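To start, the structure itself, in structure tokens.
Just so it is clear, none of the values below were taken in a lab; they were calculated from the coordinates. Bear in mind the structure is a predicted one, so any value in this text is a computation, not a measurement. In this analysis, Cβ positions are derived from the backbone assuming ideal geometry, glycine residues included, and neighbour counts consider all displayed protein chains.
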Amino acid sequence: MPLYTTNSKKNIITIKYVIIFFIFFFIIDQSLAAVLKSIYQKINTGPGRYNYIIKQKVDCLIMGSSTATCFYSDIISKELGMPAMNIALDGSSLVYSRCLLDLILFYNIKPRLILLNNISQLYDFSK
């Protein structure tokens, strides 16, 4: 008398197919993730602007909201005689600037000077 029945053979075959499916799914998932990561690393605008920022070596970083986005880097670079990068973003808050600074420091970018211009973020806490 056999130790297993025809029904258990079907179960074993089904389990094998499920395991094979998950192995292929994992391989495809990892391959696709590697391709998309490679493509994302090459984007330097929009959400990918952080890739551009962490690849640069500058002595002066200009951060802040919309008031900092215009003309600062050219003027400061010329006056201080050091390369400057303006990474300000319209409508950004102090929290955004802090997170961006943490990202920059995480990638071991150590600017000599950081200018923060978030005038629009001044609040009256007396109320």
Practice item. Could you pull out the chymotrypsin sites (Phe, Trp or Tyr not before Pro) across region 66-118 that fall in loop regions by DSSP (anything but H, G, I, E, B) with no more than 16 other Cβ atoms inside 10 Å? Key: PHE71, TYR107
Study note, to complete from the structure: Magnitude of the Cβ-charge dipole (Lys and Arg +1, Asp and Glu -1) of region 46-121 about the Cα centre, nearest 20 debye, reported as 240 debye
Review point. Can you list the lysines whose alpha carbon sits under 19 Å from that of LYS57, skipping same-chain ones fewer than 8 residues off?
Key: LYS42, LYS78, LYS110
Exercise for review: Tell me the label-point distance for the pair SER38, ILE19, using the 7 Å Cα-to-Cβ offset, in nm and rounded to one decimal.
Suggested key: 3.1 nm
Practice item. With label points built 7 Å along Cα→Cβ from the Cα atoms of ASP102 and ILE28, find their separation and express it in nm. Key: 3.7 nm
